[in-house]
1. Can you give me the P(r) profile for the chain? Cα pairs, bins 10 angstrom wide beginning at 0, each as a whole percent.
2. Each residue of region 26-42 in order: what ³J(HN,Hα) in whole Hz does its phi give by Karplus 6.51 cos²θ - 1.76 cosθ + 1.60, θ = phi - 60°, with x for Gly and Pro?
3. For the chain, what is the charge dipole size about the Cα centre, in debye to the nearest 20, if Lys and Arg each add +1 at the Cβ and Asp and Glu each add -1 at the Cβ?
4. Just to be sure I understand: with springs between alpha-carbon atoms less than 10 Å apart, which residue in ASP47, ASP295, ASP220 has the highest mean-square fluctuation in the Gaussian network model of the chain?
5. Round to the nearest 10 and give me the degree value, 0 to 90, for the angle of helix 304-317's Cα axis relative to the longest principal axis of the chain.
6. Please name which of THR59, GLY267, LEU250 has its Cα lying farthest along the dipole of the chain towards the positive end, using unit charges on Cβ (Lys, Arg +1; Asp, Glu -1) and the Cα centre as origin.
Amino acid sequence: MPDVERVFREEYGRAVSVLYRVFGDIDIAEEAVQEAFAVAVRRWPADGLPPAPAGWIITTARNRAIDRLRREAARDDKHAEAALLHAHDAPPEEGAVRDDRLRLIFTCCHPALGRAAQVALTLRLLGGLSTAEIARAFFVAEPTMAQRLVRAKGKIRDAGIPYRVPQEADLPDRLQGVLAVVYLIFNEGYKASAGERLVRDDLVHEAIRLGRILAELMPDEPEVLGLLALMLLVEARRPARTTADGGLVLLADQDRALWDRELIAEGQAIVRRCLRRNQPGPYQVQAAINAVHSDAASAADTDWRQVLALYDELLALNPIPVVALNRAVAVAEVTGPDAALAEVDGLDLDGFHLLHAVRADLLRRLGRDAEATDAYDAAIALAENAADRDFLQRRAAPLR
């Protein structure tokens, strides 16, 4: 049912956050919300969409959880008794503070958990991403990711990690994990890793909302501001990223008159604030790269030398293959596709469809059509998003 799917995308994270606050147990919260959505699938087609779908889900989940815990508490289940006591002490969900989801992020990003577990667990609970989607984001097998999620939830429960935004002195220890989570939520929303749709609006809006709250909470943290600026500048281009039928449009081919100038102005102003601080970090440098793109009236006007210089700085701060792949795109514009291809061929990203897509484009520009076709086919085979596959097939068609 489309209504259930939409409400799930928009409200899953909030519902889990509220139920976790009520019961103090992540597994109970997540299972109760999933049960509530299962009830919605059965009832809403016949009864119609309720006036307040999010409230209906939260109330149904709360009632289902309480009924289950009462049954288990009657069998002398001490864990169920403790969860029921927590529920009686919790404020009603209608009075939930607006940063319930931020509390959940900080809980999941406790230093007791490894960085990968922090990010994966928050994507699961807050973003509602499936285990398979998270596994793809981390380039690991789905069973491996499932085990990581179970262990992370168990560690939070067993260690009694509190559900709260930590005190000011504790914020820096958790900040990098929190920023990584928000960034990945935004990325999954801006370009879904799988499925039929290129964009998940709910995740994009949620990431920007959380970014704004973080900027209010920590206005003196330049990387917080950098991440917010990055998301605003990338989101500003979204109206031009797709065709009327949902097809992907590359940056170079976008109608820049469709870009959101208000978001661009806000993002560029934040980038200028970051530059004045002179404390560069990866998110700030990425924001600066996007500010350069947003300054160009056309693709031909892009200052690619400045973009390449910024990628050099980003690679020094964050020396990972994905950054090197993006840098190679700038190398192609500054020194030519031959030099860029040499760099791309040295990267260990064989299972990443964008590596093959970039390589195919470089080979096409060099007139090596047969090799380009093979590279496009490799990219198509690995791409799990329908819009990506359609775009790559269109690019490859003239070469066949």
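1. P(r) over the chain, rounded to whole percents: 5, 20, 30, 25, 14, 6, 1, 0.
2. Those phi angles translate into 5, 4, 4, 4, 5, 5, 5, 5, 5, 5, 4, 5, 5, 5, 4, 4, 7 Hz.
3. 420
4. Ranking ASP47, ASP295, ASP220 by mean-square fluctuation puts ASP47 first.
5. The angle comes out at about 50 degrees.
6. Most positive-ward Cα: THR59.
FYI, it's all coordinate maths here, none of it is from the lab. All figures in this text were calculated on a predicted structure; none of them were measured in a lab. Neighbour counts run over all protein chains shown; Cβ positions are idealised from the backbone, glycine included.
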